[in-house]
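Report on the following structure.
The values are calculated or read from the model by the stated rules, or taken from the named source; none is laboratory data. Keep in mind that what you see is a predicted model, and the values were worked out from it rather than measured. Positions of Cβ are backbone-derived with ideal geometry, glycine not excepted, and every protein chain shown enters the neighbour counts. SASA here: full protein model, heavy atoms, side chains in, ligands and nucleic acids out. Shrake-Rupley method; radii C 1.70, N 1.55, O 1.52, S 1.80 Å.
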Amino acid sequence: MSVFLFKRFATFVATLLVASVLVFAVLDLLPGNVAQVILGDTATPESLAALEKKLGLDRPAMVRYTDWIAERLQVTLPLAVMAMVFTVVIGISAGVFAAARQNKAGDVGVMGLSQLGIAVPSFWFAILLILLFAVKLQWVSAGGFPGWTEDAGGGLWDGFVALLLPAVALAVVQAAVLARWTRSSVLETLREDYVRTARAKGLSRRAVLWQHVLRNAMIPVLTILGLQFAFLISGTVVVEQVFVLPGIGRLVFQAIANRDLVVVRDVVLLLVAMVVIVNFVVDVLYAVIDPRLKPSDA
């Protein structure tokens, strides 16, 4: 296992290094900055320097990165995690439910809803949620984020409620995709010889499903989960705009509009790092779930 982890960690470090070099090189070639955009092309070097100092553009990149990102991560990361939890719970439950009732009404219903979920864009579903729960029912606010502490004007519960609808909007599409993959994987595993042997020994279909089938069916599902977390992170860029959340998504939009390339570079690199880390965790979980994946074969 140590050799397996070392190989995966080395791949993780190499991928992150290459990604950081590419992100830095591409964005560093783009001209201009926020001060020049504000003052225009006719601005004098003195006025540009003064405005850059006022805006903090003369500070080191790491300082600006810390100031801008730390505040935004407290919104985007919990939002992505909440959406991932909803995706896993809804997607896997629906997929197993459909597989256990293959070609029956429950299976047809779940597959029909999943097809509808795949077809619905997250931002459009987010608008529908706002119209229903914020405008018509007035159960929650239509947007904004109160903070996680009372000092910021909110609290844990207020922060959770503010991210609830955005998380659901993000999770719907991914849960629909996961449900279809889970159903296919479970049905394929149900056809294995060891499943028939377990049934022949007297185990009920439910016992075989939860004790033997589900764990082996999770191998391809884990691959999808790793990709889906990347989609959820990227999806926050649009959904945060809809719900006016002060997260990484709005930060990227503002930084691009202001030509703040240092912030854009740092955010892109951060998102790349998060995706690479998730893929590394998925690789490790492969060996944990399936003992047939020997470290020498990885």
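Looking across V88, V108, V172, V177, one residue alone is open to solvent by 70 Å² or more (accessible area, probe 1.4 Å), part of a helix (DSSP H, G or I) and modelled with pLDDT of 85 or more. It is V108. In a residue-by-residue description of region 155-169, the property of being modelled with pLDDT under 80, over 30 Å from N103 (Cβ atoms) and of a type outside the set (A, V, I, L, M, F, W, C) applies to at least one position.
One line per residue, one yes/no per condition, for (1) touching a residue at least 12 places away in the same chain (Cβ under 8 Å); (2) in a helix (DSSP H, G or I); (3) touching a Leu at 6+ places or on another chain (Cβ under 8 Å); (4) open to solvent by 60 Å² or more (accessible area, probe 1.4 Å):
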| position | (1), (2), (3), (4) |
| --- | --- |
| V195 | yes, yes, no, no |
| G202 | no, no, no, yes |
| A207 | no, yes, no, no |
| I224 | yes, yes, yes, no |
| F229 | yes, yes, no, no |
| L232 | yes, yes, yes, no |
| G235 | yes, yes, yes, no |
| G249 | yes, yes, no, no |
| Q254 | no, yes, no, yes |
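Of all the residues in region 128-155, those that are under 17 Å from A83 (Cβ atoms), open to solvent by 50 Å² or more (accessible area, probe 1.4 Å) and among the aliphatic types (A, V, I, L, M) number 1.
Here D158 fulfils each of the conditions (1) open to solvent by less than 30 Å² (accessible area, probe 1.4 Å); (2) more than 29 Å from I224 (Cβ to Cβ); (3) in a helix (DSSP H, G or I) apart from (1).
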